[in-house]
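Undergrad: Have a look at this one.
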Amino acid sequence: MTIIQADDLVQSIADALQFISYYHPVDYIQAVGAAYEREESPAARDALAQILTNSRMAAQGHRPICQDTGVVVVFLRIGMQVQFNTARPLQELIDEGVRRAYLDPDNILRASMVDPPIGKRRNTGDNTPAIVYQELVPGDKLEIAIAAKGGGSENKSRFAILNPSDSLADWVVDTLPGMGAGWCPPGILGIGVGGTAEKALLLAKQSLFAPVDMHELLARGPSNPIEELRLEIHERVNALGIGAQGLGGLTTVVDVKILTYATHAASLPVGMIPNCAATRHIEFHLDGTGPAQFTPPSLEDWPEVTWQPGSDAGRVDLDRLTADEVATWQPGERLLLNGRLLTGRDAAHKRIQDLLESGQGLPDGVDFNNRLIYYVGPVDPVGDEVMGPAGPTTATRMDRFSEMMLARTGLLGMVGKAERGPTAIEAIKRHKAAYLIAVGGAAYLVAQAIRKARVVAFEDMGMEAIYEFEVQDMPVTVAVDARGESVHESGPAEWRVRIEQLKRH
């Protein structure tokens with residue numbers, strides 16, 4: 001019989017979450033490094049360089065890879081000869097570990113969980129509760145797999161029940177473009193096949209813990225039908241030309257993982273969940289001898305890539321920005337922002353809308369006239385930081401507010417990540433504004449550009465508050481110009497053709 005002490009479990013959960021907040025799995029970051037070496041698209045190569053540089057900086061600085069430090073997902077395999085020396089439920093113990101990790105003063109992690117999910121949606125303040133799954137298995141150990149899953153990639157989860165004769169690969173290739181770039185490619189596709197609806201999605205989530213080994217599979221070839229399917233999906237998805245951050249390029253996924261389970265003869269349930277550029281997970285076990293120990297990876301394992309702004313990047317003075325200057329920006333053009341910009345996410349936009357519709361107007365200190373807004377929910381600073389990691393959030397969530405913001409506040413443009421939908425693009429075109437993207441998965445790198453930061457409104461909303469940032473050489477790319485032309489449409493379209501040409505030769 002193995003006795004697990006309650007605090008050993010709590011501390012192990014806390015230590016694991018801190019560890020994965022700043023250390024990428026080495027197999028994933030090396031796969032991204034290989035993608036960088038292969039990449040021929042300048043825009044995608046620049047994005048990959050930012051992701052790789054950010055990863056090394058986070059590892060060195062012990063600060064989060066991404067500002068979205070995720071919802072905590074825990075899989076427990078409990079040996080039948082394991083006993084817990086506590087009367088407290090496992091959910092309570094795990095939540096205590098999550099709380100300890102996310103409130104650690106040396107590396108504060110952003111709390112993103114809200115409860116209730118319908119209605120007031122109040123932030124719980126400590127990122128609890130975790131999502132916990134338990135399985136009773138033979139043995140005398142407690143096996144734990146833990147992930148911090150970002151909202152951008154989790155929101156792109158897909159599910160379908162196919163006919164048994166349908167092509168799974170066709171469904172993936174048809175479905176994936178509709179997911180957009182909000183999941184921050186390049187990443188890993190997790191696919192679950194079989195069981196029932198909920199089982200397929202659970203398998204998809206569990207598959208993402210497997211090591212990145214696509215390079216080995218490509219080298220040796222498949223040995224079973226599942227490996228054949230992995231190779232087919234990997235090749236066909238990358239042939240879509242979506243590329244890093246959806247800008248168009250050779251690598252959209254670095255691996256494809258598939259887990260299966262028996263299913264009803266009339267069914268083929270399929271779940272698909274992507275992992276993003278902030279892939280964060282670890283597996284460990286407890287055997288009653290104390291909390292788990294985590295060995296830091298060697299920084300020598302990181303690709304030797306250091307991002308620098310290109311000589312072609314134009315500097316923008318945000319404090320003197322005009323509509324005429326915005327009208328000159330071209331899709332795919334790289335810019336370095338300097339000066340002041342305001343921030344705001346979903347909840348802030350909704351409150352702004354309510355204030356304007358009620359006739360109250362904007363709060364004191366909030367003036368969007370001739371300015372840009374940055375879609376971000378940053379991590380709190382520690383030590384002498386001005387601001388913690390502050391990467392962009394998925395812009396499509398703000399699409400419904402774009403016309404209101406551009407028509408009623410004097411706003412000239414927005415900064416976020418991934419594509420914009422038709423409603424937002426039409427508003428941008430109508431008002432001759434622009435939409436810029438920062439690289440999702442480069443939050444710590446972006447934060448280095450922030451020289452000053454202060455909350456100017458809605459402080460009660462925590463990370464959803466409106467900040468004013470003063471930035472120096474913050475790197476962005478023009479994604480939608482004043483004519484409504486989108487690089488997220490033109491980039492992948494161009495690279496689909498190029499990839500097809502490369503295959504022919």
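Undergrad: Considering only the stretch 189-198, state which residues are in contact with a strand residue (DSSP E or B) (Cβ under 6 Å, 6 or more places away or on another chain) and either outside the structural domain of GLY271 (by TED's automatic domain parsing) or in a helix (DSSP H, G or I) (or both).
TA: Within the stretch 189-198, just ALA197 meets the criteria.
Undergrad: Is at least one residue of the stretch 57-70 in contact (Cβ under 8 Å) with a residue 12 or more places away in the chain, over 22 Å from the mean Cα position of the chain (by Cα), outside the structural domain of MET387 (by TED's automatic domain parsing) and not in a loop (DSSP other than H, G, I, E, B)?
TA: Pass one, the stretch 57-70, residues in contact (Cβ under 8 Å) with a residue 12 or more places away in the chain: 57-70.
With over 22 Å from the mean Cα position of the chain (by Cα) added as a condition, the list becomes none.
No, that holds for no residue.
Undergrad: Oh, and also: Report yes if some residue within the stretch 479-487 is under 24 Å from the mean Cα position of the chain (by Cα) and over 29 Å from ALA239 (Cβ atoms); otherwise report no. Give the steps one after another, and end with the answer.
TA: Pass one, the stretch 479-487, residues under 24 Å from the mean Cα position of the chain (by Cα): 479-480, 486-487.
From the residues that got through so far, the ones that are over 29 Å from ALA239 (Cβ atoms) too are none.
Within the stretch 479-487 (the criterion being under 24 Å from the mean Cα position of the chain (by Cα) and over 29 Å from ALA239 (Cβ atoms)), the answer is no, since none of the residues qualifies.
Undergrad: Return the only residue of ALA479, ALA407 being part of a strand (DSSP E or B), at negative phi, modelled with pLDDT of 95 or more and touching a His at 6+ places or on another chain (Cβ under 9 Å). Walk me through it before giving the result.
TA: Values: ALA407 fails: part of a strand (DSSP E or B).
Unique residue meeting the criteria: ALA479.
Undergrad: With the requirement that a residue be surrounded by fewer than 20 Cβ atoms within 10 Å (Cβ to Cβ) and touching a helix residue (DSSP H, G or I) at 6+ places or on another chain (Cβ under 9 Å), what does the stretch 132-144 give you? So that I can check it myself, show each step before the final result.
TA: Of the residues in the stretch 132-144, the ones surrounded by fewer than 20 Cβ atoms within 10 Å (Cβ to Cβ) are 132-141, 143.
If the condition is that a residue be surrounded by fewer than 20 Cβ atoms within 10 Å (Cβ to Cβ) and touching a helix residue (DSSP H, G or I) at 6+ places or on another chain (Cβ under 9 Å), then VAL132, TYR133, GLN134 are the ones that fit.
Undergrad: Considering only residues that are touching a residue at least 40 places away in the same chain (Cβ under 8 Å), within 30 Å of GLU485 (Cβ to Cβ) and not β-branched (Val, Ile, Thr), which ones fall in the stretch 429-446? Walk me through how you get there before you give the answer.
TA: We begin by selecting, within the stretch 429-446, every residue touching a residue at least 40 places away in the same chain (Cβ under 8 Å); these are 429, 432-446.
Of the ones still in play, those that are also within 30 Å of GLU485 (Cβ to Cβ) are 429, 432-443, 445-446.
LYS429, LYS432, ALA433, ALA434, TYR435, LEU436, ALA438, GLY440, GLY441, ALA442, ALA443, LEU445, listed by residue number.
Undergrad: So is ILE437 buried (at least 24 other Cβ atoms within 10 Å of the Cβ) and at pLDDT 95 or above or not?
TA: Numbers: buried (at least 24 other Cβ atoms within 10 Å of the Cβ): yes; at pLDDT 95 or above: yes.
So ILE437 passes the test.
Undergrad: Only one of (1) surrounded by fewer than 16 Cβ atoms within 10 Å (Cβ to Cβ); (2) assigned to a loop (DSSP other than H, G, I, E, B); (3) touching a residue at least 60 places away in the same chain (Cβ under 8 Å); (4) not hydroxyl-bearing (Ser, Thr, Tyr) is not met by ALA493, so which one is it?
TA: Just one mismatch for ALA493, condition (2).
Undergrad: Looking at the stretch 447-476, which of the residues that are of a type outside the set (Asp, Glu) and assigned to a helix (DSSP H, G or I) is modelled with the highest pLDDT?
TA: Taking the stretch 447-476 and keeping what is of a type outside the set (Asp, Glu), we get 447-458, 461-463, 465-467, 469, 471-472, 474-476.
Checking which are assigned to a helix (DSSP H, G or I) leaves us with 447, 461-463.
Working: ALA447: 93, MET461: 86, GLY462: 83, MET463: 81.
Among those residues, the one meeting the criterion is ALA447.
Undergrad: Also, I was wondering about something else. Restricting the stretch 221-233 to residues that are touching a residue at least 12 places away in the same chain (Cβ under 8 Å) and surrounded by fewer than 22 Cβ atoms within 10 Å (Cβ to Cβ), which is farthest from GLN50 (Cα to Cα)?
TA: We begin by selecting, within the stretch 221-233, every residue touching a residue at least 12 places away in the same chain (Cβ under 8 Å); these are 226, 229-233.
The next check asks that each one be surrounded by fewer than 22 Cβ atoms within 10 Å (Cβ to Cβ); those that pass are 226, 229, 231-232.
Values: ILE226: 33, LEU229: 31, LEU231: 28, GLU232: 29 Å.
Going through the qualifying residues, I end up with ILE226.
Undergrad: Checking the structure you have, find out if any residue of the stretch 270-278 is part of a helix (DSSP H, G or I), in contact with a Leu (Cβ under 6 Å, 6 or more places away or on another chain), crowded, with 18+ Cβ neighbours inside 10 Å and not assigned by TED's automatic domain parsing to the domain that holds LEU436. Talk me through it step by step, then tell me what you get.
TA: Restricting attention to the stretch 270-278, the residues satisfying the condition of being part of a helix (DSSP H, G or I) are none.
No, the conditions are met nowhere in the stretch 270-278.
The values are calculated or read from the model by the stated rules, or taken from the named source; none is laboratory data. Since the structure is predicted, the reported quantities are computational estimates derived from the model, not experimental observations. We place every Cβ from the backbone using ideal geometry, glycine too, and count neighbours over all the protein chains shown.
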